[in-house]
1. Specify the residue with the greatest mean-square fluctuation among Lys160, Lys44, Lys85, computed from a Gaussian network of the chain linking alpha-carbon atoms under 10 Å apart.
2. Farthest toward the dipole's positive end in the chain, which of Trp118, Cys91, Phe69, given Cβ charges of +1 (Lys, Arg) and -1 (Asp, Glu) about the Cα centre?
3. When the helix-only estimate is applied to the chain (DSSP H runs of n ≥ 4, each -39,500 (n - 2.57), divided by the residue count), what is the mean residue ellipticity at 222 nm, nearest 500 deg cm²/dmol?
4. Of the heavy-atom accessible surface of segment 29-171 (probe 1.4 angstrom), what whole percent is carbon and sulfur?
5. Gaussian network model of the chain, Cα springs within a sub-10 Å range: biggest mean-square fluctuation belongs to which of Gln63, Gln156, Gln38?
6. Which whole-angstrom value gives the distance between the alpha carbon centres of segment 19-93 and segment 109-171?
7. If packing is taken as the mean number of other Cβ atoms within 10 Å per residue, what is the order of 92-100, 161-169, highest first?
8. Where does each of 53-59, 24-30 land if you order them by average Cβ count within 10 Å, highest first?
Amino acid sequence: MKKLALLFVLISSFSLQAQDTASVEYTFTVTDEFNNSQELIIGKDPFGTEGLDPQLGEVVVPQVPTGQFGARLVLPTDSTLTTLKDIRFGCYWADAFAYDFDLSYETNSNQLYVDWDWNLASPYLIIAIIFRNPYTGNQIQYFEFMSDSSIFIVPQELDKLTMIVYYNGTL
């Protein structure tokens, strides 16, 4: 019996270490007028936190140097840490999350776009997205599932952005 219990613990630890995707993931792509692009992944999982979750593929990625194109997600627990993937705890009241973007423009660029795909086959789909100006807190634009487009034009020269994502339910 002890061997069976030890085998179960060993297999469980290997499966947790091997997992690098969350239960629900969505990709948002930030692009500029020169066709530079960066994918940012958000999602939810029973093991996700508001911090860094290496077992879900979250790693620290350095901020983009001034004058170069790039986009990063800022972790809510430490605004100095940026990543390309932010997975949150997806159980109980996990119907909405706010994600902060750190945006960097290439020299001579002044326009960024954020796009995504509404047509993801998930029972926990995104039902609405709100973009806010993080400096003023004002809502910039609201998008509703399948009623609106799936591209957001970032106001010129805005170097930060808050995206609030509403889900159809919890895990």
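1. In the Gaussian network model the winner is Lys160.
2. Cys91
3. On the way: 1 runs with 17 residues, N = 171.
Roughly -3500 deg cm²/dmol at 222 nm, from the helical runs in the chain.
4. Values: 3630 of 7020 Å².
Looking at segment 29-171 in its full context, I get 52 percent from C and S.
5. Gln156
6. If you average the Cα positions of each part, the centres end up 15 Å apart.
7. Working: 92-100: 14.8, 161-169: 17.6.
In descending order of packing, they fall as 161-169, 92-100.
8. Values: 53-59: 17.3, 24-30: 19.1.
Result, highest mean first: 24-30, 53-59.
The values are calculated or read from the model by the stated rules, or taken from the named source; none is laboratory data. None of the values given here were measured: they were computed from a predicted structure. Cβ coordinates were reconstructed from backbone atoms using ideal geometry, including for glycine residues, and neighbour counts include every protein chain displayed. Accessible surface areas use protein heavy atoms only, side chains included; no ligands, DNA or RNA. Shrake-Rupley method; radii C 1.70, N 1.55, O 1.52, S 1.80 Å.
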